[in-house]
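The values are calculated or read from the model by the stated rules, or taken from the named source; none is laboratory data. Since the structure is predicted, the reported quantities are computational estimates derived from the model, not experimental observations. Cβ: placed from backbone, ideal geometry, glycine included. Neighbour counts: every protein chain shown. Quick note on the areas: whole protein, heavy atoms, side chains included, nothing else; ligands and nucleic acids left out. Shrake-Rupley method; radii C 1.70, N 1.55, O 1.52, S 1.80 Å.
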Amino acid sequence: GIKSRLPRGVPSKVARARVGLRSVTSSVRPLPSFLIIGAQRAGTSSLYKYLEGHPGLAASVRKETEYFSRRYGRGETWYRAHFPLLRGRLAYEATPDYLFYPLSPERIRKTIPDARFVVLLRDPVERAYSHYRHMVRLGFEDLPFGEALTREPERLSGDAARLADDPLYEPRAFLRFSYVSRGLYAEQFRRWFSWFPPSRFLVIQSERLFEDPKRAIVEIEQGIGARPWLPRDLRNHSYGTQRPPVPPIGGAERHMLQERLRPEVQELERLLGRSFDWKLGDGG
């Protein structure tokens, strides 16, 4: 039979074929009960892997469907094909672009109005550098980090304008080079809260996920209404963790990020009514 999940690295042609075959029965496939919506480079791959063995949950055929961001034009039949036929389990997916993507909240509200959301938030300075290193590894980025930060607004502006005019446009630069912008968490939550009540969101500090994964998983299970269960494998599954250590962030770049992101973290704490122990320098 067709496997319910695709391992990382499966050729896209094979993935498309499997989803295509499953589309025949899309009408009886349930939509997800909850979504892991971000943030990128904050541990979503690990969390997806931790939960996919849970007997009461059903993972999407691949981790990132990207339906409510880049793939919305493919339609709901295509999206439903990513989820299992088996009833009685809570289906879910994990697309970390959703938190940042400006059109995702409205699209999800129209399709899954009762959805709940799990959000992993990482120190935005460390997240930005990890994102940059990821783009370098993938061959999309050839600028030095400092220059990439300086040029981010101009690199994103064209895609942002085009997306506003054409909701089905695929904004590649907007997604690839948004090192600082994705760390503007308060701005993103304000957008989401205009479509869903704050009570629908379970926010986990990603550093806590890796420091004490068992405790974080129990908290998530309680938040999504799943019975207690723990995976045997609690490794960090994030892409790039097996690579050689990368050089640290330069002092000038770290200072630039701290100055830009510190007020945003303070606003996030006010918005969510909780503290984050990220070290962002004086005042952080």
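In degrees, nearest 10, range 0 to 90: what is the angle between the Cα axis of helix 213-224 and the longest Cα principal axis of the chain?
60
Quick one: give the max-minus-min coordinate of the C-alpha atoms of region 162-284 along each principal axis, largest first, in Å.
In descending order, the Cα extents are 43, 39, 34 Å.
Of Ile112, Tyr79, Ala164, whose Cα points farthest to the positive end of the dipole of the chain (charges on the beta-carbon: +1 Lys, Arg; -1 Asp, Glu; origin at the Cα centre)?
Tyr79
Could you work out the relative contact order of the chain, using alpha carbon pairs under 8 angstrom and six or more residues apart, expressed as a whole percent?
22
Would you pull out the residues with amide H under 5 Å of Leu57's amide H, same chain only if 5 or more places away, H placed 1.01 Å from N?
Leu90
Does a label point 7 Å from the Cα of Gln266, set along Cα-to-beta-carbon, have any residues of region 98-128 with amide nitrogen under 17 Å, and which are they?
Label zone hits: 124-125.
In nanometres, what is the gap between the two model label sites at Asp233 and Ser181, each 7 Å from Cα along Cα-to-Cβ?
Inter-label distance under the simple model: 3.5 nm.
Keeping all protein chains in the complex and leaving out DNA, RNA and ligands, what accessible area do you get for Thr77 with a 1.4 Å probe, in Å² to the nearest 10?
My reading of the accessible area for Thr77 is about 80 Å².
Could you run the Karplus curve 6.51 cos²θ - 1.76 cosθ + 1.60 with θ = phi - 60° over region 87-103 and give me ³J(HN,Hα) per residue in whole Hz, x for Gly and Pro?
For region 87-103, the Karplus-derived couplings read 8, x, 10, 8, 7, 7, 9, 9, 10, x, 5, 4, 4, 8, 5, x, 8 Hz, x marking Gly and Pro.
Along the Cα→Cβ direction, 7 angstrom out, place labels at Ala161 and Arg71. What is the inter-label distance in nm?
3.1
Would you kindly derive the ³J(HN,Hα) couplings of region 204-209 from the backbone phi angles with the Karplus curve 6.51 cos²θ - 1.76 cosθ + 1.60 (θ = phi - 60°), listing them in order in whole Hz, with x for Gly and Pro?
My calculation for region 204-209 gives 10, 6, 5, 4, 5, 4 Hz in order.
Starting from the amide H of Leu35, placed 1.01 Å from N in the peptide plane, find each other amide H under 5 Å away whose residue is 5 or more places distant or on another chain.
Arg116, Phe117, Val118
Give a quick list of trypsin sites (Lys or Arg not before Pro) in region 78-131 that DSSP marks as loop, anything other than H, G, I, E or B, with at most 13 other Cβ atoms within 10 Å.
When the trypsin sites (Lys or Arg not before Pro) of region 78-131 are filtered for loop state and at most 13 Cβ neighbours within 10 Å, Arg87 remain.
Sort all Cα-Cα distances of region 85-231 into consecutive 10 angstrom bins from zero, then give the percent of pairs in each bin up to the one containing the longest distance.
Per 10 Å bin, starting at 0, the Cα pair percentages come out as 9, 34, 35, 19, 4, 0.
Could you look at the chain and say what percent of its accessible area is carbon and sulfur, using a 1.4 Å probe and all protein chains?
51
Using +1 on the beta carbon of Lys and Arg, -1 on that of Asp and Glu, and nothing else charged, what's the dipole of region 155-284 about the Cα centre, debye to 20?
Taking the Cα centre of region 155-284 as origin, the dipole is about 280 debye.
Of Ser26, Ser69, Leu272, which is farthest on the positive side of the dipole of the chain, counting Cα position, with +1 on Lys and Arg Cβ, -1 on Asp and Glu Cβ, and the Cα centre as origin?
Checking the options against the dipole of the chain, the answer is Ser26.
With +1 on each Lys and Arg Cβ and -1 on each Asp and Glu Cβ, and nothing else charged, work out how big the dipole of the chain is about its Cα centre, in Debye to the nearest 20.
Roughly 1400 debye, rounded to the nearest 20.
Write down the accessible area per residue of region 173-258 in Å², having rolled a 1.4 Å probe over the full set of protein chains.
Per residue, region 173-258 has an accessible area of 54 Å².
So what is Rg over Rh here for region 140-204, counting just Cα atoms and using Kirkwood for Rh?
Ratio of gyration radius to Kirkwood radius: 1.05.
Which whole number in µm²/s is D for region 62-140 by Stokes-Einstein, with the Kirkwood Rh taken over Cα pairs at 10 °C and 1.306 mPa s?
In µm²/s, the coefficient is 109.
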